[in-house]
Structures are given as structure tokens and as C-alpha cells.
Amino acid sequence: MDYSDDACMNIFTEGQKTRIQAVMEMSPRRKTLIDANLCSPIIADVPTANFTSDKQLVLKGGEIIFTDLSTNFPTSWAWVFEGGDPATSTERNPKINYNIPGLYTVSLISTNSLGPSLIKEIVGYVTVSEEGLCSSATNFLAGYTPSLLPLSSFGSYTGYLTGHNSLKTKAVSEFFKNAQGYEYVSGVEINFGYVYASSEEATVTITVWNARGPQNAPGSVVEQKVVLLKQIQDDIDNNQATSIVFDRETPVFSRPYQIGVEFNYADGDTVAITSSANGEANNATSWLKDASGVWTPYSIALGANIAMSIRPIVGVNPSVQISASKLLVYPGEEVILNGKGASIFVWNSDDGVVNNFAGPQLVARPTKTTTYTTTGSGLPLCNTEAKTTIYIRDNVVGIKNEYRADDIHIYPNPGTGKLNVTLENSYLGEVSIRMISLWGRDVLPITRFQKTGSQSQITLNSESVPQGMYIIQVAMGDNLIIKNG
């Protein structure tokens, strides 16, 4: 077997089969195997039917795989699945879907050459959940006290139990058993209790791990998403959870998983996640990664019995996802947004610039902090909508604050086919001028020239440009200035 050099090396060739049959018939020792019936099982009685399954609790619309455990070598099977689709099966190990919530009976009769077994029937064996295909998960139960616990309550430390601290905790995470078999995590909502950002660029990383480490500790990384501390600060100020949508479908394959936050200590930033009060949660679902990289439950590492306010958004079907090439930009800087998970996408923005734009990709140049929403359709989806916010840098005219918008004069405004752009400043060197629509698209070719004096003027031929509002983007070395007109 597997001697043939082809694409399917798992079966005998015709020549190998002929050779084996010849050996079994002609060899005196091999022939005794057949004559003595040594390859056939001895059947003493009819089967005793029995079975198991990969799960007994399933979401509405979910699938259960049944496995036959009958004795005495059955050769045929007769299954009946109350509430199942299909309702009957003759397969040995069938796969059954359940679409209506409730408790359902499963029965099996298995048969061998001596006859059928007695019926094996288990009443209420399958529970189909009311929750459906799309839901969320949390270990932070109703009645828990939202808390921001100082690490000093657990020893001679500073910082926060569930955030940056003097122990240099590298990451924190919540374990989710996923007993109902959700396939995907599309995003997560996290209640942060405190944030300090050393700069606008400061971030943390939201991470999904499988739970295949020792004793269900975080194992391999499944997905990650970088989040600006600016966004977390805005959410804290508005007394709301930080909502994160991952860049792609994030499969967890109906298995347990961990989800949490990774910290960076390089820049002096501080972030802490809201948890229950100590002693309110006793299931050891909260984990920390210490400075040496070892994962340990909080209950063991520090004797803290807590659950963090982390709520994954889960589903049996995928959801619409959204990714952005940048999260923090200068006014008018290009951002590429991609929608995933659906086959049809429609985009809108809360600044009113983008209205029902169709397509999987949107190129935007926001001039103020803007939230973009994409709505997907065309496939079975759990969540049909996803949002992302693109933040504009604070207190900037351009990439450097060396030159001002007042240095640039555009006339006539509104234009009449010819647009004159005058620059008055000390900059010398290459200048590029772009004229772009509010949708972020170039409406004229980029104009480049050398500025050799304190004042320069260039004329743009805008006769082909439809009447409307446009953005003039002037780049001078490392400086970028935006003018509306």
C-alpha cells in the first residue's frame, strides 16, 4: 500500500490487489487465515445499542455529530431524532441539525446477522438553545460590582490588578468554555476603567487565543486588533464599553478560547480593565501573563477571585468585518477601509460625506474624526453591520506645524475653470498639489513643481471638474496642509 507514486497514495493498485489475492490463495500459511475464519468476528448475540455525541447542548441551527457505541458488531443502524433534520438516519455516525429550540429524544436500534437490538432511547437527550446563531458571552454576571482594583490590595505593589502594574503584567485574559459551540468571534466589548496615554499614537492590542495551553491557558494567537488609547479614553468619558470589530472572520471552531488585552510598558502608558469585586467570581476564568511570559489564573497567582468585564460577540455564522489601513491620520490623509465577511457592502459615514457607497473597499480622506459604517448582505450573516472610527490628530495643520494654512491662497473661490494656488512662506523645494473630492478620490492629476522663492504660484486647469466642494492638499517636504474650497 502507498507504493504508487501518484496524487492519492492511500489505496492499493490493481496489480497490488491481484498480488495479494494470489498470495492468499496459493501460500499454505496465508491460506489458513481464510480457512480458519480468523478475519471474521465471532458474534455471540444481537447488539446492545448505545451511542454518544460531540455535544448535547446546541444552538438553534447548530449541528450534533452522533457516534455509535453498540456492541456485537452491528452492520446496520436505525436512528430516530426527534426535532432533528433529518429526523431519521441509517448511517453509523450521522450528523444532525436542530433548528427549533426545545428538549428532544434520540433513539437507536442496531442490527447484526443475529437480529436487531432492543431500542436505546434517551428522553430529553438534546437541548436546543433559545439563543440562536448570534449571541455574546461573558463571565461578568448580573449582580457583580464593577470595580477597578489596585494591586496594592494584594501585596506591596503599585498599579492595577487588571492592567499595567509594578509586576509588569504582560497581558490579561478571560477564558470562555464555548459550551454551545459558537464558530466565530467577530469582535469584543471591553469595559475599561482607567487609561493614561503618553501620546496620540499609544495603543494596546486586543488578542484572541485558543485555550490549548496547560489547564486551558491561552495557547496560540488566533486574531489580534490594535486599539488606540484615544478611543478607550473617549469611551470612558462617555461611560460606555470599547467596541472592537476584528479585521477578519475569527474562527474558534466551536472550541474553548481566551480573549484579552496585551500591554506595552515602553512608553509609560496605563490601561486597566473593569472587573468584579474580589470574591464575587469563583470560577477562575481570569488569567494573567507575568513578566516572564507564564500564564496563571488570578486565583492562583494573587488569590484574586474575579471576572473581567470582557464580552465577546460570537456566532455560528460569520459576521461583517472591517479593517482600516490607519486609525490616526492628519486631516485629508488617505485611509483605505475594507469590508469582509459578506458579498455585498454599502458604506456610510457620520460626517455625511459618504452616503450609500457600494463596494468592498472605500478610500476616504476624513478632515475630522469620523465613524464609518459598512452594511453587508448576500450571505448568511450573524451581524450585518460593522463600524470603525478614524481619528484626526489634535492641534495640527499638517505633518509639521512649521507652515500654516494661511500661507496658501486659492482664487477664484469658487473656481471658474482655472484655479490659482499661491504659496507664501520660506519653504524651498518640491511641492505637490492634489485636488480631491470629499469621497477621497483624485479629481485632477497631481501637480508637482520646485518652489525656489518666498512666493510661488501655480494654475490648475479645473474645467473638467464638476461644480462642488473639493479639498486642496499641498505637500511641502514633510509638511502637509489642507485647504477646503
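All of the numbers you see were taken from the coordinates with simple rules; none came from a lab. Model, not experiment: these values are computed from the prediction. Note: ideal-geometry Cβ built from the backbone for every residue, glycine included; neighbour counts use all protein chains shown.
General remarks:
- Thr373 paired with Ala291, simple spin-label distance in nm, labels 7 Å along Cα-to-beta-carbon: 4.7
- The stretch 135-315: C-alpha gyration tensor shape, a/c 1.5 cut-off, then a/b vs b/c: rounded
- Calculated FRET efficiency, Ser147 to Asp54, Cβ-Cβ distance, R0 = 35 Å: about 0.40 to the nearest 0.05.
- The chain, dipole about Cα centre (Lys/Arg Cβ +1, Asp/Glu Cβ -1), debye to the nearest 20: 480
- Sorting 100-110, 315-325, 292-302 by their mean Cβ neighbour count within 10 Å, with the most densely packed peptide first, gives 315-325, 100-110, 292-302.
- Taking Cα atoms only, the orientation of helix 14-26 departs from the longest principal axis of the chain by about 20 degrees.
- The Cα atoms of the stretch 405-484 give a gyration tensor whose axes a ≥ b ≥ c have a/c of 1.5 or more with a/b greater than b/c, which makes the shape prolate.
- Multiplying the residue separation of Thr88 and Thr384 by 0.36 nm and removing their Cα-Cα distance gives an extension gain of 103.1 nm.
- Scattering curve values for the chain, log₁₀ I(q)/I(0), Debye with Cα scatterers, q = 0.06 Å⁻¹: -0.48
- Here Lys418 is the anchor, and the lysines within straight C-alpha reach of less than 20 Å, apart from those fewer than 8 places off in the same chain, are Lys483.
- Model label sites at Tyr157 and Asn264, defined 7 Å from Cα along the beta-carbon direction, differ in position by 2.3 nm.
- Inter-probe distance in nm under a simple model that places probes 7 Å from Cα toward Cβ, at Glu121 and Asn283: 3.5
- Counting DSSP beta bridges with both ends in the chain, the antiparallel % (nearest 5): 95
- Extension gain from Gln16 to Ile410, taking 0.36 nm per residue of separation minus the Cα-Cα distance: 133.3 nm
- Bins of 10 Å, starting at 0 and running to the largest distance - Cα pair percent for the stretch 61-110: 26, 54, 17, 3
- If the convex hull is drawn through the Cα atoms of the stretch 321-392, its volume per residue in Å³: 64
- Once each of the trypsin sites (Lys or Arg not before Pro) sitting in a DSSP loop with at most 13 other beta-carbon atoms within 10 Å is removed, the chain keeps 1-167 as its longest stretch.
- For the cross-link pairs Lys55/Lys177; Lys168/Lys230; Lys225/Lys326; Lys230/Lys368; Lys168/Lys289, the ones whose C-alpha atoms lie over 18 Å apart are Lys168/Lys230.
- Calculated mean residue ellipticity, 222 nm, the chain: -2000 deg cm²/dmol, from DSSP H runs (n ≥ 4) at -39500 (n - 2.57) each, averaged per residue and rounded to 500.
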